[in-house]
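What follows is a short report on a single structure.
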């Protein structure tokens, strides 16, 4: 209810305030912070942090990228690298991006195979769902593909984090996401994989007036801020997941470990 | 032609009486089963009207008001209610027709109805195309290049439009009418069988359902995948509705009204509610045993999961208990808006889909705050009621101009099933 009321006020203010002047500072990102938590541990990331060398691969479709010459540096994978580097201090962090514009989950499974042999990742951030929903791929098939991908990753000794769809108010009524959202959530719970609920986070930003996501624009500033926030919050989720793995080893399985030291 | 002659006054029960009073004029006069019960059961109109409202609310994306709809509190949703009641009314209307005027005429009328639904579906598709073409031309945002891919089909309208006409390409939220078209198109032989031997017909329906599950049959969709509502599975609910209309309701009535059924239904609904809560509060999911989740999930909407069907039955059991057929409130003005909507279901369903487009459009263009969501939800339902009232008024005027002719049930049969 609190969020509803705040959203209502924010929506009323959104018009005049949501200009380029509103910096996407931490506070803005973390308006939606309560929606992001590492529900499950990331033991391989924890081990990699101990070795002071972490390799992360982002596998996804077009919504993991931004257009333009600056796109790669401003998109969330690059922001994730910066966030992790900052949080992990002396460890070397490498984030590799392996995105293909119109790949469905089952096509990404092929990419995963390649990624495992070529990049040897400790963690794969797997962004998927939108393309499958647009093509109307059978949700069962989608779910099977997710499971197959996770099998590969487990065999290849890599942790996984799911990233689901973007919230896109304009196309909300044109793409039926429901079955695919459920499939990702279900597989994440069943296989104990942390899920970065990008859809809920972006929806919250839009409701709270942090970012206005329904404006038609050619400018890239809002898109860059959105990706920056996603990168930071993903960074926090990954580090929390690793911490959770460590606390689990020492015997106290506390699911609410948060390390909010992103003082940037 | 007439295989099961009804008393002559059966025909009198039509038009105006069905709206205002729960007339059971000749319920006890039918000489032999399986007679079609006379008098319109207003509960059907009421619940179909409510289902149409819920479908409208559910079709507006990101609408907080849709938290009131039943899909959030159990397995089944308004679609089950709509399909069941559609089956019930189809059998009620065309069953009488088949008895009175023969198989050929009744079949022709059913197919004509399927054609009307098809035309309505294509009309909605055109509106959808207009909306999407507008968005394609006017909306640009570097964040959403991926989502805009949904508009790519505008680049090959030849394929898209043909696939839409073949009912293979179905935009989001436009899956119910194609299901209804197939159910109606396949209904004549099923109705014939239902009138001959209702038990065999129901068994055939169950067999088709089981066969569909066993061999994973479904119709293909475009650009990939299969139908969102598999007609070969959902026919079970439609035929079950028809079976109830043709005497089945009396047969299972005592069972449905028994204490055992009542408590079973209550327990089932409570369990379903608790399970549903774990979807919204994932941390509760740890209380669901793993073996149980593995047995239960996925709860398949496409193929009308048995759990969904059971949930609908449980709801129906409680409804039968608390909402009797002669419930006085059914004729009160409070219930009238929903009943009116339920009586013109095709038109109101289409209005609902159209209004949900408009509503979402207004939310994106003006504001998507909670107040706006409430306003749009309420205005939409008011518009649906106004449309239904207008249609009723028009049909009344038409009916008065050309009083009873040789085809007395034309209005009832053509407009309401």
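Every number in this text was worked out from the coordinates using simple rules, so none of it is lab data. Being a predicted model, the structure only gives us computed values, none of them experimental. Using ideal geometry, Cβ is built from the backbone for each residue, glycine included, and neighbour counts are taken over all protein chains shown.
Assorted remarks:
- With contributions of -39500 (n - 2.57) from each DSSP H run of at least four residues, the per-residue ellipticity at 222 nm computed over chain B stands at -21000 deg cm²/dmol.
- Residue B:165-residue A:102 FRET efficiency (beta carbon distance; Förster radius 35 Å; 0.05 resolution): 0.85
- Angle of helix B:370-401 to the longest C-alpha principal axis of chain B, folded into 0 to 90 degrees and rounded to 10: 30°.
- When both bridge partners sit in the protein assembly as shown, DSSP labels roughly 5% of those beta bridges antiparallel.
- Rounded D (µm²/s) - the range A:33-246, Kirkwood Rh over Cα pairs, Stokes-Einstein at 37 °C, 0.692 mPa s: 191
- Gained length - residue B:279 relative to residue B:200, 0.36 nm times residue gap less alpha-carbon distance: 24.5 nm
- Other protein chain Cβ atoms within 10 Å, averaged over every residue that makes up B:223-229: 5
- Prolate/oblate/rounded label for the protein assembly as shown (Cα gyration tensor, a/c 1.5): prolate
- The simple spin-label model puts a point 7 Å past each Cα toward its Cβ; for residue A:144 and residue B:211 those points are separated by 2.3 nm.
- Debye intensity ratio I(q)/I(0), log10, chain B, q values 0.09, 0.10, 0.11 Å⁻¹ (C-alpha model): -0.59, -0.74, -0.90
- Placing a pseudo-label 7 Å from each Cα along the Cα-to-Cβ vector at residue B:306 and residue B:155 gives an inter-label distance of 4.7 nm.
- Listed by Cβ neighbour count within 10 Å, with the fewest neighbours leading, B:77, A:132 appear as B:77, A:132.
- Shielding of B:363-370 by partner chains, average beta-carbon count, 10 Å: 6
- Using alpha-carbon coordinates, inclination of helix B:176-185 to the longest axis of chain B, degrees: 30
- Peptide-level mean, for A:138-144, of C-beta atoms on other protein chains within 10 Å: 4
- Over the range B:85-276, the reciprocal of the mean inverse Cα-Cα separation, the Kirkwood hydrodynamic radius, stands at 19.4 Å.
- Anisotropy class of the range A:173-243 from Cα gyration tensor, a/c 1.5 cut: oblate
- Computed E for residue A:219/residue A:118 - FRET, C-beta separation, R0 30 angstrom, nearest 0.05: 0.25
- A Förster radius of 45 Å, combined with the Cβ-Cβ distance separating residue A:110 from residue B:123, puts the computed FRET efficiency at roughly 0.60.
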